[in-house]
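Only the coordinates and a few stated rules stand behind these numbers; no lab work does. Everything quoted here is computed from the prediction, not taken from an experiment. Methodologically, a virtual Cβ is constructed for each residue, glycine included, from the backbone with ideal geometry; neighbour enumeration extends over all protein chains shown.
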Amino acid sequence: HERDIGVGRSDPSGEYSLLVVQEVARAVKRRNYTVPEAALRALTNLHLAGDQPLARDRQARMLGATSADDDDIAAGLREADALPDQNKKRRKGTETLHALFLTYFRVLKKAPHSPALPSVLEGLARFSHLINMEFFEDLLSTLRGLLARPSMSLQSRLHCITAAFDALQAQANAWNVDMKTFYNELYRIIGADVGMGVDDDVYTLLVRCLRILLIRHPQSSTERVCGFAKRIASLAMQVPSHVAIALLHVLQLCIRRYPRLKSMLEEEGASMGRYSPEVDDAEHANASAALLWELPLLAQAAHPVLRRLA
């Protein structure tokens, strides 16, 4: 049950979390990785122990204290005594994370049609910022393969994209990795697969994906961002007001970060050529030649916040 697995906060040593993940991993393996979605979804509630960096200068501060600092020395000694427990907690957290990712990868590779796949992708998106370089390339290759499957649900595809970019941000030396597959998939999704009738959970995940790819990721080309800006504005015309507000907030952040997008607000500022809305590659759609004509229309919406943002 989820209440039994979200134990990180009540498990200061990390031992119970590790035992739970190992037991779930064994149970999943016994069933040949074909298990109900709920069997793995609960693992996303884990609060992994030991994920805060140790302060390296604690002993140095303690050893540099003067005789007048008795209270500070006593506190320093207590901190030094606690270091073995902190190191043990870190080791438990590392073992738990390794067991968790090993289970996720085995489901992806051995049972890609498993009912638990949505939970695995959600878990990868939840914890991928903790992944190390050992798994990174393998993870991206696996996620690209999943996106190529037409049977993947919309939510699962968004989880794939989120997991890929969250993992990328954790790799200090991996910014030259080709992420075009994930950009193009999200661009295609906002152009065809979302609109009225989609669950709010999907909208929330979509907005998070857009923020990660366009705002947090520093290597988006201006032409690509122009393409996304145009499709975001078009999508905002088709969705409920609360979703349109979130989309326009992302668009506002994009315009602040990429001043060239302001040319899409004025007819005389548009680039040469013709916008190709049918092209599912933002870098080759020539969206900088388009106008964001949707914004004046949204400025007449009934919702006051939506009017203000537009």
Give me the Kirkwood hydrodynamic radius of region 251-310, using the inverse of the mean 1/r over all pairs of distinct Cα atoms, in Å to one decimal.
12.6
Simple spin-label estimate for THR204 and LEU102 in nanometres, 7 Å along Cα-Cβ
3.2
Can you pull out the GluC sites (Glu not before Pro) in region 212-288 that DSSP calls coil and that have at most 12 other Cβ atoms within 10 Å?
GLU266, GLU278
